[in-house]
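One structure below.
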Amino acid sequence: MNVFINDIPLIIKKNSEKVYKHKYDLILNPEDEFISKDLVGDVLVRDVTDVFVDRLLRLMEVKKLKKLKSLTMLARKKKRLILHLKDQFRIVKAAGGLVVKDGKVLMIYRLGKWDLPKGKLKKEEDPALGALREVEEECNIKVGLGDELPSTWHSYAYNGNKILKKTDWYVMSCLDDSLMKPQAEEYIEEVRWMTPQEALAVLDESYASIALVMRHYLSETTGSTPASEAPAK
């Protein structure tokens, strides 16, 4: 489960899984006292409890934690902890695509960030069909469905509600881009084909979840970048 809370990767592992302590800037136990300023770099928390998750989410609601790069949580019962985390949000389902053509990938520029075309699913809509629909609507192109990519979960606030959006991602082939243009109603300013190197260069101006999807695809297809450590499924 690839979770991003306020665009910060939340990595959930079992206590029994191997971790390399030297890779972390801070190691905590759930009962340790800390403040937001202490959460810098890559942080590891051992034996995470529900109470710690609740405390962390409350902290992340009021603090940006801009210096926190990732938070890895070790849990005795990983599945139960994930369920507890989900219970703190309203779940929304979405789908999108990473479109390829002649070795290039398609990215959109929306609300000051480079992104991939995606959108909310309609009620009972199949994720793959919804992904095709959203990509074609947002970019005004025709696409064909390919392999699945890792799903992502990211949080945001809307009308006073805490939302956790699950996005199913798919590789897509471009069938026709002769009329390609950004969907202005969705605040998209630009649709651009990029080489893998160009796409990697703009990931600093994107979201962590988009970077995960893009790096996974490029590592699998071109070997141009290693996939960064991702939240465990």
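The values are calculated or read from the model by the stated rules, or taken from the named source; none is laboratory data. All figures in this text were calculated on a predicted structure; none of them were measured in a lab. Every residue, glycine as well, gets a Cβ built from its backbone with ideal geometry; the counts of neighbours run over all protein chains shown. Remember, those area values only see protein heavy atoms, side chains included, never the ligands or the DNA or RNA. Shrake-Rupley method; radii C 1.70, N 1.55, O 1.52, S 1.80 Å.
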| said: Taking 8 Å as the Cα distance limit and 6 or more residues as the minimum spacing, I'd like the relative contact order of region 1-155 as a percentage. | reply: 25 percent
| query | What is the set of long-range amide H partners of residue 6 at a cut-off below 5 Å, with H atoms built 1.01 Å from backbone N? | reply | 155
| query | Tell me, what is the 1.4 Å probe accessible area of residue 42, in Å² to the nearest 10? | reply | 40 Å²
| remark: Spelling it out for residue 27: with amide H atoms placed in the peptide plane at 1.01 Å from N, the residues 5 or more places away or on another chain with amide H under 5 Å from its amide H are 44
| request: Could you point to the residue in 99, 174, 212 farthest towards the positive end of the chain's charge dipole, with +1 and -1 charges on the Cβ of Lys/Arg and Asp/Glu respectively? | output: 212
| Which residue, 210, 163, 35, tops the fluctuation ranking in a GNM of the chain built on C-alpha contacts under 10 Å? | 35
| message | Based on the alpha carbons, how large is the Rg to Rh ratio for region 75-193 when Rh follows Kirkwood? | response | 1.03
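Scan the chain and report its longest stretch carrying no chymotrypsin sites (Phe, Trp or Tyr not before Pro) that are both in a DSSP loop and have at most 14 other Cβ atoms within 10 Å. Working shown, then result.
On the way: sites that count: 20, 34, 187.
So the longest stretch without any such site is 35-186.
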| request: Please determine, in degrees from 0 to 90 and to the nearest 10, the orientation of helix 50-62 with respect to the longest principal axis defined by the Cα atoms of the chain, where the helix direction is its Cα long axis. | output: 60 degrees
| request: Pull up the DSSP beta bridges for the chain and report the antiparallel fraction as a percent, rounded to 5. | output: 55 percent
| Cleavage-rule hits (trypsin sites (Lys or Arg not before Pro)) in region 80-169: DSSP loop, at most 14 neighbouring Cβ within 10 angstrom | 122, 123
| request: Could you state how much accessible area residue 51 has, in square angstrom rounded to the nearest 10, with a 1.4 Å probe and all protein chains kept in place? | output: 110 Å²
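Find, among the trypsin sites (Lys or Arg not before Pro) in region 1-64, those assigned to loop by DSSP (not H, G, I, E, B) with at most 16 other beta-carbon atoms within 10 angstrom.
Numbers: sites: 13, 14, 18, 21, 23, 37, 46, 55, 58, 63, 64; in loops: 18, 46, 63, 64.
Within region 1-64, the qualifying trypsin sites (Lys or Arg not before Pro) (loop, at most 16 other Cβ atoms within 10 Å) are 18, 46, 63, 64.
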| query | Taking amide hydrogens as modeled 1.01 Å from N in the peptide plane, which residues meet the under 5 Å criterion relative to residue 206, leaving out close sequence neighbours? | reply | 114
| message | If I build a Gaussian network model for the chain, linking alpha-carbon pairs within less than 10 angstrom, which residue out of 112, 130, 97 has the largest mean-square fluctuation? | response | 112
| message | Test of understanding: in a Gaussian network model of the chain with alpha carbons linked when under 10 Å, which of 96, 160, 146 would top the mean-square fluctuation ranking? | response | 160
